[in-house]
Amino acid sequence: MTNITKIDRDKALKMEADAIVSYAFRNGPIESLHGDDHVHELTNEVGSLITQKEMKEFMVYACKNLHELLILKYEKPEEYCEFIRQQYNGNCKEWYLPKL
């Protein structure tokens, strides 16, 4: 293994978290809510359902939490595995699972 400093590793994990969130979340269905082509049901005005400020808040929140998880995975893999199991059992069982 290369001699990587904790700062370098954390920077790399931050970049990884940001890229994963961008790929899996930002460029998904939420983007269509953020687009400018929605007709608001109450006002009949056309525009975005999510403001730029709200979108940034979502993305920063997701990136921060994923970054923390990647650090946990690297530093305390047993705790990470338990956290993943609990989250999956509590929130994710009904979501799409790829066929293996």
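Nothing in this text is a laboratory measurement; each read-out follows from the coordinates by a stated rule. All figures in this text were calculated on a predicted structure; none of them were measured in a lab. Reconstructed Cβ throughout: ideal geometry from the backbone, glycine too, with neighbour counts over all protein chains shown.
Enter the angle in degrees (range 0 to 90, nearest 10) between the Cα long axis of helix 52-75 and the first principal axis of the Cα atoms of the chain, meaning the one along which they spread out most. The answer is roughly 20 degrees. Each peptide in 40-53, 22-35 receives the mean, over its residues, of other Cβ atoms within 10 Å, and ordering these scores from highest gives 22-35, 40-53. Relative to the longest principal axis of the Cα atoms of the chain, the long axis of helix 6-21 lies at roughly 30 degrees. When you count the other C-beta atoms within 10 angstrom of each residue and take the mean per peptide, 73-81, 85-93 line up highest first as 73-81, 85-93. When the helices of the chain are scored as -39500 (n - 2.57) per DSSP H run of n ≥ 4 and the total is divided over every residue, the value at 222 nm lands at -18500 deg cm²/dmol.
What is the distance, in nm, between label points placed 7 Å from the Cα along the Cα-to-Cβ direction at Asp37 and at Glu54? Going by the 7 Å Cα→Cβ label model, 1.9 nm. Between helix 77-87 and the chain there is an angle of about 30 degrees, using the helix long axis and the longest principal axis of the Cα atoms.
Note on log10 I(q)/I(0) by the Debye sum over Cα atoms at q = 0.16, 0.17 Å⁻¹: of the candidates [x] -0.82, -0.84; [y] -0.88, -0.95; [z] -0.59, -0.67, the value calculated from this structure sits at [y]. Restricting attention to the chain, lysine pairs at least eight places apart or on different chains and with alpha-carbon atoms under 26 angstrom apart total 23. Each Cα pair under 8 Å and six or more residues apart adds its separation to the average, and for the range 6-92 the resulting relative contact order is 28 percent.
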